[in-house]
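Student: One structure is given below, represented as structure tokens, and several questions about it will come after.
The values are calculated or read from the model by the stated rules, or taken from the named source; none is laboratory data. Every value quoted in this text rests on a predicted model; they were computed, and no experiment measured them. Virtual Cβ from ideal backbone geometry, glycine too; neighbours counted across all protein chains shown. Heads up: the accessible areas ignore ligands, DNA and RNA and are worked out on the full protein's heavy atoms, side chains in. Shrake-Rupley method; radii C 1.70, N 1.55, O 1.52, S 1.80 Å.
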Amino acid sequence: MLVRKVAELLDFLAKGEATATEIAEAMNEPRSSMYRLLASLQEEDLVEAGSRRGKFRLGFKLVSLGSAVVERFDERQFAQPVMERLHALTGETVFLCVPRGDQAVCIERLDGKRVQSLALRLGGSLPMHTGAASRAILAFRDESEWEAYIARNTPLTRLTPSTPAEPSELRALLRRTRDEGIAISDQDVTVGVAAIGVPIIDYQGRVRAALSISGVRESILGADGDRWKAEVISGGQEISRALGADLAGQKVANFG
């Protein structure tokens, strides 16, 4: 029970700073109990005083704990050289995301030289129907998983007017993504921002992660758009092969 309360509290603070009263109300716990729990977590550096009096935020100890979790991902190890190459070539923000439930979680990010996307921070996540990396993961799963995702998440969250929030629209976009082997996000997470994403496949043919680049729409989908698409596809293939994928023998549309 205590572990569950701690996990719930940390999840709540992951959304931003909060007072003990706000946390207690959200968790339906007495304020006195919440103050004691916060005091104990402060002693362990898991929680610290916020930027304003009475506020609390996540502690720095979680940085090292989170880094230890991230380091265990093979995807990150194999993707790093590819991401650095894409970053140097395009100057855009480069992301590596892995699936967790109905979200795509960013486990590595190289900030763009011109525009730094704020929609998906390191450790942050997006719903699977939004963004290039997210849809690259969902599109290459079995269609039965599409339907299960839609059933669990209807009504689908709409982040901008371009977000595919209608089930029929999402299905059509996922099929096109699968057919073309690449996911395109055209202002469906942030107005004015576009992204290109591809799935990363392992030796069992499973979608393990996704690689993407993001930036101002004119830069991503403009005159260099076709070149960037080819580079992202090539990078995704390189990481997949490092994970043992036999792309020629796997049913991943035009990806291999």
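Student: Suppose we filter SER185, SER240 for residues that are assigned to a helix (DSSP H, G or I), more than 16 Å from HIS87 (Cα to Cα) and open to solvent by less than 40 Å² (accessible area, probe 1.4 Å); which single one remains? Give the steps one after another, and end with the answer.
Tutor: Values: SER185 fails: assigned to a helix (DSSP H, G or I).
The unique qualifying residue is SER240.
Student: Next question. Among the listed residues ALA148, ALA223, ALA195, which satisfies the condition of being of a type in the set (Gly, Ala, Ser), open to solvent by 80 Å² or more (accessible area, probe 1.4 Å) and out of contact with any Asp or Glu (no Cβ under 6 Å at 6 or more places or on another chain)?
Tutor: Values: ALA148 fails: open to solvent by 80 Å² or more (accessible area, probe 1.4 Å); ALA195 fails: open to solvent by 80 Å² or more (accessible area, probe 1.4 Å).
Result of the check over ALA148, ALA223, ALA195: ALA223.
Student: Is it the case that some residue within the range 13-31 is free of Cβ contacts under 8 Å to residues at least 40 places away in the same chain, closer than 25 Å to THR130 by Cα and either among the acidic types (Asp, Glu) or not assigned by the TED database to the domain that holds ALA194 (or both)? Steps first, answer last, please.
Tutor: Taking the range 13-31 first, the residues free of Cβ contacts under 8 Å to residues at least 40 places away in the same chain are 15, 18-31.
Among the residues that remain, those that are also closer than 25 Å to THR130 by Cα are: 15.
Remaining after also requiring either among the acidic types (Asp, Glu) or not assigned by the TED database to the domain that holds ALA194 (or both): 15.
Yes - at least one qualifying residue is present in the range 13-31.
Student: Every residue in the range 33-58 that is part of a helix (DSSP H, G or I), within 16 Å of ALA14 (Cα to Cα) and open to solvent by 30 Å² or more (accessible area, probe 1.4 Å), please. Explain how you work it out, then say what you get.
Tutor: Applying the first criterion (part of a helix (DSSP H, G or I)) to the range 33-58 yields 33-43.
From what is left, the residues that are within 16 Å of ALA14 (Cα to Cα) are 38, 41-42.
Scanning the range 33-58 gives a single hit, GLN42.
Student: Here is a further query. Being in a loop (DSSP other than H, G, I, E, B) and of a type outside the set (Ser, Thr, Tyr) narrows it down to one residue among LEU159, LEU138, LEU174; which is it? Show your work before the answer.
Tutor: On the way: LEU138 fails: in a loop (DSSP other than H, G, I, E, B); LEU174 fails: in a loop (DSSP other than H, G, I, E, B).
Matching residue, one of LEU159, LEU138, LEU174: LEU159.
Student: Applying the selection to the range 83-108, what residues are open to solvent by 20 Å² or more (accessible area, probe 1.4 Å) and over 20 Å from SER240 (Cβ atoms)?
Tutor: ALA88, GLY101, ASP102, GLN103 - these are the residues of the range 83-108 that are open to solvent by 20 Å² or more (accessible area, probe 1.4 Å) and over 20 Å from SER240 (Cβ atoms).
Student: I would also like to ask the following. Given the options PHE73, PHE95, name the one that is aromatic (Phe, Trp, Tyr) and either over 22 Å from ILE137 (Cβ atoms) or modelled with pLDDT of 90 or more (or both).
Tutor: On the way: PHE73 fails: either over 22 Å from ILE137 (Cβ atoms) or modelled with pLDDT of 90 or more (or both).
Just a single option satisfies the conditions, and that option is PHE95.
Student: Here's another thing I want to ask about it. Kindly indicate the residue of the range 6-32 that is touching a Leu at 6+ places or on another chain (Cβ under 8 Å) and closer than 16 Å to GLU48 by Cβ and also most open to solvent (accessible area, probe 1.4 Å) among those meeting that condition.
Tutor: Among them, the one singled out is ALA14.
Student: Among (1) part of a helix (DSSP H, G or I); (2) on the phi > 0 side of the Ramachandran plot, which single condition is GLY123 missing?
Tutor: (1)
Student: May I ask you to verify whether GLU147 is more than 16 Å from SER240 (Cα to Cα) and free of Cβ contacts under 8 Å to residues at least 24 places away in the same chain?
Tutor: So GLU147 fits the description; yes.
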